[in-house]
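Peer 1: Attaching a single structure in structure tokens format; questions to follow.
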Amino acid sequence: MNVLSILKKYFGYNQFRPNQQEIIEDVINGNDCLVLMPTGGGKSICYQIPALTMPGTAVVVSPLISLMHDQVESLKASGIPAEALNSGNDINEDTIIRRRCMSGDLKLIYVSPEKLISEIPYLLNNIKISLFAIDEAHCISQWGHDFRPEYSQLDILHERFPNIPIIALTATADKITRDDIVKQLHLHGKTYLSSFDRPNISLAVKRGVSKPEKMRYIINYINAHPSDTGIIYCLSRKTTESVAKDLKKASISVGVYHAGLPSAERIKVQELFKNDQIQVVCATIAFGMGIDKSNIRWIFHYNLPKSIESFYQEIGRAGRDGSHADTMLFYSLSDYIQLRNFATESGQVEVNMQKLSRMQEYAESNICRRRILLNYFGEESGKDCGNCDICQHPPRKFDGTEIVQKALSAIFRAEEHINLGTVIEILRGISSSQVLRHQYNQLKTFGVGKDINSNDWHDYLLQMLQLGFIEIAYNQNNILKITTLGKNVLYGKAKAELSEIEHEDKMQKSRKATKAESRRKEVEPFAPGNIFPEVHLSKVEDHSLFEELRKLRMALANAQGFPAYIVLTDKVLHSLASEKPTDIEAFGNIPGIGEFKKNKYGEEFIRVIKNYIQKN
């Protein structure tokens, strides 16, 4: 079978997403590659289809037992032979799995980094390996947001298995982290960078919100979306307990997940959430990577995350099936101070402080939030998204091309070897020791921005950073580099819009109005559009049929011990409720339904659809 036929047969899709087919064919041809795709973007297919095509067994390195379990369940539910070797198995299970590997019965075997190393002398040297897939590959890099020392052992793979291709995959890696992954794993192939954009996810931030206000927003949102599951990320264990307690008082089904709980209790909460038996999980940042749940419809950050990588990974848990999802970040200065203390006590103070600063800038920005995220990961975006709170309520803009060109010219003439503070000194004409030492006072741009004060220059430079005109090289003492977008503005090929800066005198005039608005919002009834645009609320062609299909899916899932989303995703149910197929072939043509699931579930879903049509 060719790769497109395999895609249809096992996964139910008629065409690949961007980059997928090229990656798959590259691996099948025996080449290494690094793959960057957003969560829910189809990374797994990039190694699962080569595994099905190539002779032997694919070895997949994954960091968490729960994540392995989810992925193995999903593969089995699609008719693909896969297993996991981990500490959750007993000796007999491991023996059976090893024998199946040696006989060639398994197409994929999932292992932890530690298990991989321990199995090299025995199992791996005695089976035919088709490929190595390193999932969550950012864990190998010291620049990554979730560095794990055990991943550093993986650098021996090419030494021990020189002719077996390695595919490294991650959803969260900036430019420096990507380069480090390639270096650590000794990859010799191509890097595939898919769009980090998740247009189905709305982005919103609320600043300086009190605890009662946060809880009012959260409870009202959940009550307006009674069928939707979500996660509330909190900074501390204590906060998860407190938020969960308030939700329980509001009669909302909720679980708590943090490292201080016994393992059995964490597993229980995770299983209940996966199986839609609780609606909400209040979790510390430790929760999320271990689940593949595709129908999470919203993510709330009760506190500020420590980095944009962490934030992006956590919101990426929502809307993995491609249907709409909402996110809200609550931000306060007290969160920033607490995280700053954590950063100063860490082993990488400077890097962690820089990453925290970028997260703070995201929360405080008046720039399209999606542009900030995309530009952070090196995906230059020159237009606003229309699906964030800033785009819904845009600030006043002006043509800032000349201001941006002055700053870029200063950076360029200093040979891109200066940091943000030195740029301001050059523009303002300040003869600091740094400026004099490097003779920056001789540059043509020295003093060209005297008419703008230092604070405003700082604001404009941050906007330039968030708009993707410049980037910070963390591995080179935080010097600024000009991007392609920036060069277009510098050379007059493009214009640059900046947001107007609100100065103190203007802000004082509006304070009374702001306080009055806050008091009004305290008592007004909840309306989803107050937080998220109405357009992002759930829209189903036939909501009643959708609910009937959900009930059937839950019954089928419970009978097999599967989470409901493994049977069929929400997106597939939306399509079924819209298309209303009444024969097995039409059912199988719905995107996301492969041949195995068509034959296994088709008749039962068609029966429910036919009965519904007759009644209505």
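Peer 1: Consider a paramagnetic label point 7 Å from the Cα of SER578 along Cα→Cβ; state which residues of the stretch 584-616 have an amide N under 14 Å from it.
Peer 2: 590-592
Peer 1: Something else now. Dividing the convex hull volume of the Cα atoms of the stretch 349-424 by its residue count, what figure in Å³ per residue is obtained?
Peer 2: Hull volume over Cα atoms, normalised by residue count, gives 125 Å³.
Peer 1: Counting pairwise Cα distances across the stretch 301-400, what percent come out greater than 19 angstrom?
Peer 2: 48 percent
Peer 1: Another question, then. Could you rank the peptides 435-445, 368-378, 228-238, 410-420 by their average count of other C-beta atoms within 10 Å per residue, with the highest value first?
Peer 2: Most protected by this proxy first, the peptides run 368-378, 228-238, 410-420, 435-445.
Peer 1: Given a Förster distance of 41 Å, report the FRET efficiency between LYS211 and LYS551 from their Cβ-Cβ distance, rounded to the nearest 0.05.
Peer 2: 0.65
Peer 1: Treating only the Cβ atoms of Lys and Arg (+1) and Asp and Glu (-1) as charged, compute the dipole magnitude of the chain about its Cα centre; round to the nearest 20 debye.
Peer 2: For this selection, approximately 1020 debye.
Peer 1: Going by alpha carbons, how many degrees (0 to 90, nearest 10) lie between the helix axis of 263-274 and the longest principal axis of the chain?
Peer 2: It is inclined by approximately 90 degrees.
Peer 1: How many lysine pairs are close in the stretch 229-321, with Cα atoms under 20 Å apart and the two 8 or more places apart or on different chains?
Peer 2: Total qualifying Lys-Lys pairs in the stretch 229-321 comes to 9.
Peer 1: Now for a different question. In whole percent, how big is the carbon plus sulfur part of the accessible area of the stretch 222-375, probe 1.4 Å, protein atoms only?
Peer 2: Solvent-exposed carbon and sulfur of the stretch 222-375 make up 49 percent of the total.
Peer 1: Same structure, new question: By its C-alpha gyration tensor, with a ≥ b ≥ c as the square roots of the eigenvalues, how is the stretch 442-498 shaped: rounded for a/c under 1.5, else prolate for a/b larger than b/c, else oblate?
Peer 2: Rounded shape, in that the Cα axes give a/c under 1.5.
Peer 1: Expected output is a single nm value to one decimal: the length gained when fully extending between SER5 and ARG148, i.e. 0.36 nm times separation in residues minus the C-alpha distance. What is it?
Peer 2: 47.7 nm is the gain from fully extending SER5 to ARG148.
Peer 1: Follow-up. Quick query: amide H of TYR192 versus all other amide H atoms, modeled in the peptide plane; which residues come in under 5 Å with a sequence gap of 5 or more or a different chain?
Peer 2: LEU34, VAL35, LEU36
Peer 1: Still on this structure, please answer the following. Around THR284, which amide H atoms from residues at least 5 apart in sequence, or from another chain, sit under 5 Å from its own amide H, with H modelled in the peptide plane?
Peer 2: Sorted by chain and number, the residues that satisfy this are CYS234, TYR257.
Peer 1: Using alpha carbons only, how many angstrom separate the centre of the stretch 578-616 from the centre of the stretch 56-89?
Peer 2: When both Cα centres are located, 28 Å separates them.
Peer 1: Could you tell me whether the stretch 1-46 comes out rounded, prolate or oblate from its Cα gyration tensor? Rule is a ≥ b ≥ c as square roots of the eigenvalues, rounded for a/c under 1.5, then prolate if a/b exceeds b/c, otherwise oblate.
Peer 2: It is oblate, given that a/c is not under 1.5 and a/b is not larger than b/c.
Peer 1: Hey, another quick one. Return the FRET efficiency for the residue pair LYS495, ILE91: r is the Cβ-Cβ distance, R0 is 56 Å, and the value is rounded to the nearest 0.05.
Peer 2: Result of the calculation: an efficiency of 0.25.
Peer 1: Could you calculate the contour length gain from GLU114 to LYS481, that is, 0.36 nm times the residue separation minus the distance between their Cα atoms, to one decimal place in nm?
Peer 2: Additional length available on full extension: 128.3 nm.
Peer 1: Would you mind checking the stretch 418-443 for residues with the amide N under 17 Å from a putative spin-label position 7 Å along Cα→C-beta of ASP451?
Peer 2: Output list for this probe position: 427-429.
Peer 1: Over the Cα atoms of the stretch 413-471, Rg to Rh with Kirkwood Rh, two decimal places?
Peer 2: In the stretch 413-471, Rg relative to Rh is 0.95.
Peer 1: If you count, for each residue, the other Cβ atoms within 10 Å and average over each peptide, how do 205-213, 54-62 line up from highest to lowest?
Peer 2: 54-62, 205-213
Peer 1: Something else: Check the straight Cα-Cα distances from LYS495 and name the lysines below 24 Å, setting aside those fewer than 8 residues away within the same chain.
Peer 2: LYS383, LYS397, LYS406, LYS444, LYS450, LYS481, LYS487
Peer 1: Can you find, among ASN220, SER499, GLN439, the residue farthest towards the positive end of the dipole of the chain? Put +1 on the C-beta of Lys and Arg, -1 on that of Asp and Glu.
Peer 2: ASN220
Peer 1: Using the alpha-carbon atoms, what tilt in degrees (0 to 90, nearest 10) does helix 333-344 show relative to the longest principal axis of the chain?
Peer 2: Approximately 80 degrees, to the nearest 10.
Peer 1: Here is a follow-up. Which far-off residues, 5 or more places away or on another chain, put their amide H under 5 Å from the one on LEU329, with H placed in the peptide plane?
Peer 2: Sorted by chain and number, the residues that satisfy this are ALA204, VAL205, LYS206, HIS301.
Peer 1: Next up: Given the -39500 (n - 2.57) contribution per DSSP H run of 4+ residues, what per-residue ellipticity at 222 nm results for the chain, rounded to the nearest 500 deg cm²/dmol?
Peer 2: -13500 deg cm²/dmol
Peer 1: After finding the eigenvalues of the alpha carbon gyration tensor for the chain, what semi-axes result from the square roots of 5 times each, listed largest first in whole Å?
Peer 2: Value: 43, 32, 23 Å, ordered largest first.
Peer 1: Between LYS183 and ARG413, take the C-beta separation as r, use R0 = 22 Å, and let me know the FRET efficiency to the nearest 0.05.
Peer 2: 0.10
Peer 1: Multiply the residue separation of ASN611 and SER263 by 0.36 nm, subtract the distance between their alpha-carbon atoms, and state the gained length in nm to one decimal.
Peer 2: The span from ASN611 to SER263 would gain 120.8 nm if fully extended.
Peer 1: Sum up the charges of everything whose Cβ sits under 10 Å from the Cβ of GLY12, counting Lys and Arg as +1 and Asp and Glu as -1, but leave GLY12 out.
Peer 2: +3
Peer 1: Using θ = phi - 60° and the Karplus form 6.51 cos²θ - 1.76 cosθ + 1.60, what ³J(HN,Hα) does each residue of the stretch 230-236 get, whole Hz, x for Gly and Pro?
Peer 2: x, 10, 10, 8, 10, 6, 10
Peer 1: Averaged per residue, what accessible area in Å² does the stretch 71-161 show with a 1.4 Å probe, protein chains only?
Peer 2: Per-residue value: 41 Å².
The values are calculated or read from the model by the stated rules, or taken from the named source; none is laboratory data. Keep in mind that this is a model prediction, so the values were computed, not measured. Here Cβ is always computed from backbone atoms with ideal geometry, including for glycine, and neighbour counts include all displayed protein chains. Areas reflect the complete protein model, heavy atoms only, side chains present, ligands, DNA and RNA absent. Shrake-Rupley method; radii C 1.70, N 1.55, O 1.52, S 1.80 Å.
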